[in-house]
Amino acid sequence: MSLEKDGFVMSREETTILKGCAILIMIFLHLFNDPERVALCHTGFDFHGEPLVLALSRCAGICVPLYVFLSGYGLFLSRQSQTVRRNVRRVTLLYVRFWLVLFLFLPLASWLRPDDYPGSFVEFLYNFTGLNTTYNGEWWFFLPYALLAVSSGFLLDLRDCWGSWLVLFFSGTIYFGTYLLFKYSGDFLGKSHVVALGVNYLNLLFSFMLGACCAHAGLPGRLRNVGNKCGRVKNWVVFLVLLGGFYIRMLFYTAVFNPLYAVFFVCLFMLLPRPSW
């Protein structure tokens, strides 16, 4: 059985749209996840006594897991054309784009804040490689993601060897362990960039494996095919479930569930009707 032929996988266009959603979600997160920053805004709506945009920013914590999920999904489907050389080339192209942004940003930052930028030569090297992104903290995931892409062949072979449930159990357990490390030993990780890199890599591994396992199982395509048989009632049900998910997330936020919420978002996004444009 071919998952692509039977329509059980997301198309390249759909994953591109979802990556665009991840970028917009990331922008929203970094604009409104800080109460002090939100206090500078004129907010017209509240949610349980706090600005609505601040509450909604809790739903935006899925941005990195969502992007990594989509990478695992796409790399699983394209694995027959993958080689170590091709993966290295993919990461090299990523770094070229990264360096382009860095060298556009750095002269302006050096002019506006010469005491902070570019800093020492060692600090520049840290940022140039992505090992310690002091110039822009939001770049923290770039190097761990690049390492995931390079090692994707081995990781996907591991899924074939162990099966989806076992690989998700182990990667999920590792993910929970890294979550606890970041929560209770953040100062220790900040003292060793190499150790922090390894922990970040393991932290993203669960989202990557979720994407690969969903691609193997034909999700969310199978859900979409089932939903298409339910007519317009499905649209209302999905919309209400999505609103309910947002409401619960805004009330009870725990970052450890971000990878699972990313899968939840992808599945519901694929079930929602979208105009052709």
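The values are calculated or read from the model by the stated rules, or taken from the named source; none is laboratory data. If you're wondering where the values come from, they're calculated on a predicted model, not measured in any experiment. Cβ coordinates were reconstructed from backbone atoms using ideal geometry, including for glycine residues, and neighbour counts include every protein chain displayed. All accessible areas refer to the heavy atoms of the entire protein, side chains included, with ligands and DNA or RNA removed. Shrake-Rupley method; radii C 1.70, N 1.55, O 1.52, S 1.80 Å.
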*Label-point separation (nm) for residue 154 and residue 140, each offset 7 Å from Cα along Cα-to-Cβ?*
2.5 nm
*Which residue, 214, 161, 63, has the most motion in a Gaussian network model of the chain that connects Cα atoms within less than 10 Å?*
161
*asked:* Using a Debye calculation, one point per C-alpha and no hydration shell, please list log10 I(q)/I(0) for the chain at q = 0.14 Å⁻¹ in order.
replied: -1.17
_Rounded accessible area per residue of the chain, 1.4 Å, Å²_ = 58 Å²
*Highest GNM mean-square fluctuation, the chain, Cα pairs closer than 10 Å: which of 265, 47, 176?*
47
_Within the chain, how many Lys pairs that are eight or more residues apart, or on different chains, come under 27 Å at the alpha-carbon?_
5
*Among rounded, prolate and oblate, which fits the stretch 1-134 when a ≥ b ≥ c are the square roots of the eigenvalues of its C-alpha gyration tensor, a/c under 1.5 means rounded, and a/b larger than b/c means prolate?*
oblate
*What dipole magnitude, in Debye to the nearest 20, does the chain give about its Cα centre under +1 on Lys/Arg Cβ and -1 on Asp/Glu Cβ?*
1000 debye
*Say each of residue 34 and residue 97 gets a label point 7 Å from the Cα, pointing the same way as Cα to Cβ; how far apart are those two points in nm?*
2.6 nm
*Once the Cα gyration tensor of the stretch 80-175 is found, what semi-axes does its equivalent ellipsoid get, as square roots of 5 times the eigenvalues, in whole Å, sorted largest first?*
35, 16, 9
_Long-range HN-HN contacts of residue 47 with modeled amide H, under 5 Å_ = 52
*Please give the contour-minus-distance gain from residue 202 to residue 48: 0.36 nm per residue of separation, less the Cα-Cα distance, rounded to one decimal in nm.*
51.9 nm
*Most fluctuating residue given options 27, 248, 174, as computed from a GNM of the chain linking Cα atoms under 10 Å*: 248
*Chain lengthening between residue 230 and residue 85 when straightened (0.36 nm per residue, less Cα-Cα)*: 47.7 nm
*Roughly how many percent of the accessible protein surface of the chain is carbon and sulfur, given a 1.4 Å probe and a whole-percent answer?*
68 percent
*Based on DSSP H runs of at least 4 residues, each adding -39500 (n - 2.57), what is the mean residue ellipticity at 222 nm of the chain after dividing by all its residues, to the nearest 500 deg cm²/dmol?*
-22500 deg cm²/dmol
*For the stretch 33-110, what does the alpha-carbon gyration tensor say about shape, rounded, prolate or oblate, given a ≥ b ≥ c as the root eigenvalues, a/c under 1.5 as rounded, and a/b over b/c as prolate?*
oblate
